[in-house]
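Structure first, commentary second.
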Amino acid sequence: MDHWISSESPAFNAERPLFLCVLSNTDTAKIPGISAAGRSPDVIAYTPAADAELVTFGRTICNTEPPMTGNSPTPAVITRAAIQLTGMPFMFINSGLHIRPRIPLLDVGAKPGGDIRNGNAVPDARLIYDNSLELGRQIRRFSDFVVIGESVPGGTTTAMAVLQAIGIDGRVSSSHLQNPVDIKQQVVAQALDRSGISFGGLSNEPMRAIECVGDPMMACVCGLVDGLEGTTSVLAGGTQMMAVLALIKLLGITNDVSIATTKYVAQDDTASFLDTVSALGYAAHIVDPGFDQSRNPGLRMYESGVVKEGVGAGGAMFVAGMMGIGQHELREKVEEICDQLF
């Protein structure tokens, strides 16, 4: 591996890697101040679909405006660069979208998530899990190494709610420059109160935690990993996937799974990524894209703490490094994609 990746595990030997990305929308993302996944609240709902189109085609179709956080480009540009450089096959999964991307799409029959403050946020969690379990069983027939990312605006808030419901005092990150911790905590407190859940009250009922205060992506990824028995899985994401790891552990899934993210999440002092993942007993792989050296001002802003992660960017970069792609080569490809888009 290149110096730009730090990993707690030895190098993987993947013959048939595959990149999956789970797309979901929730009404929680509509709460003012929760998500920065879009230039304005009006376009947040388009973000997962636009991310998927950008990775697939290099442009957005569902919306003329490419997904941005302030003046910084979506991490989908990183994922597209890594996939183009490695030639790794990829697929997107609809796990509860309001807006479907105009791309080939797998579907697990999910509805968009509700507002967790109203309770019963993912009433079809068990159906999503079961369908994703079967999908994972099919995928393991043709891949020995599966990277699973996500694009879910507002997902760090549902992650915080689930972590508290299952009794884990984990702190979540944000795509905002300033993590709106107070807003998230207020929303989570309202959600738990509405559902009658105390801290750790669902430590023995992880699926119930998803149903009450989670999002559809969580049920999908848990089911996928369960179905991928005998295959190495890497969750590609930050504190949202950290919460999924906690759920996987409580569900008793013992498959080979670890997590990969960017240094921006790992170094976020408002979050507890490394401490929580370590306490859960999983390996973490941290990737540094070296954007401090980028000629693109929007990418350089990642270094200040904007965006940080998403669309499986950390995991896609991890695979690129695993396959011998250097930091400089990857960064140049990301800049090239940005030049074409913005």
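Any read-out appearing in this document is the output of simple, stated calculations on the displayed coordinates, not a laboratory observation. This is a predicted model, so every value here is computed, not measured. Here Cβ is always computed from backbone atoms with ideal geometry, including for glycine, and neighbour counts include all displayed protein chains.
In units of 2.2 N^0.38 Å, what is the alpha-carbon radius of gyration of region 157-224?
Ratio of Rg to 2.2 N^0.38 Å for region 157-224: 1.08.
Given contacts defined as C-alpha pairs under 8 Å and at least six residues apart, what's the relative contact order of the chain, whole-number percent?
Averaging sequence separation for qualifying contacts and normalising by length gives 26 percent for the chain.
Using R₀ = 41 Å, calculate the FRET efficiency as 1/(1 + (r/R₀)^6) where r is the Cβ-Cβ separation of F142 and E303; round to 0.05.
0.60
Can you show me the helix-derived [θ] at 222 nm for the chain, built from DSSP H runs with n ≥ 4 at -39,500 (n - 2.57) apiece and divided by the number of residues, rounded to the nearest 500.
Mean residue ellipticity, 222 nm, calculated: -12000 deg cm²/dmol.
Take the alpha carbon atoms of region 244-342, find their radius of gyration, then divide it by 2.2 N^0.38 Å using N residues; give the quotient.
1.19
Straight distance only, please: which lysines reach the Cα of K333 with their own Cα at less than 22 Å, same-chain residues fewer than 8 apart left out?
K263, K308
Taking each pair of different alpha-carbon atoms in region 5-341 once, compute 1/r for the pair, average those values, and report the inverse of that mean as the Kirkwood hydrodynamic radius in Å to one decimal.
About 19.1 Å for region 5-341.
Taking R0 as 51 Å, what FRET efficiency do you get between N71 and N118 from their Cβ-Cβ distance, rounded to the nearest 0.05?
0.90
Just from the alpha-carbon atoms, what are the Rg and Dmax of region 59-214 in angstroms?
For region 59-214, the Cα-based Rg and Dmax read 17.3, 49 Å.
Calculate log10 I(q)/I(0) of region 76-159 for q = 0.11, 0.15 Å⁻¹, where I(q) comes from the Debye formula with a single equal point scatterer on each Cα and nothing for solvent.
-0.38, -0.70
Ordered by packing density, taken as the mean number of other Cβ atoms within 10 Å over each peptide's residues, highest first, how do 26-35, 218-227 rank?
Order by mean packing, descending: 218-227, 26-35.
Which three semi-axes in whole Å describe the equivalent ellipsoid of region 52-106, each the square root of 5 times a Cα gyration tensor eigenvalue, listed largest first?
Whole-Å semi-axes of the equivalent ellipsoid: 17, 17, 9.
Test of understanding: in a Gaussian network model of the chain with alpha carbons linked when under 10 Å, which of A161, A236, A189 would top the mean-square fluctuation ranking?
For the chain, modelled as a Gaussian network with Cα springs under 10 Å, the answer is A189.
Run the simple label-point estimate for S198 and Q267 please: 7 Å along Cα→C-beta, distance reported in nm.
Here the answer is 4.1 nm between the modelled labels.
What FRET efficiency do you get for T254 and L105 if R0 is 30 Å and r is their Cβ-Cβ distance, rounded to the nearest 0.05?
Computed FRET efficiency for T254 and L105 comes out at 0.50.
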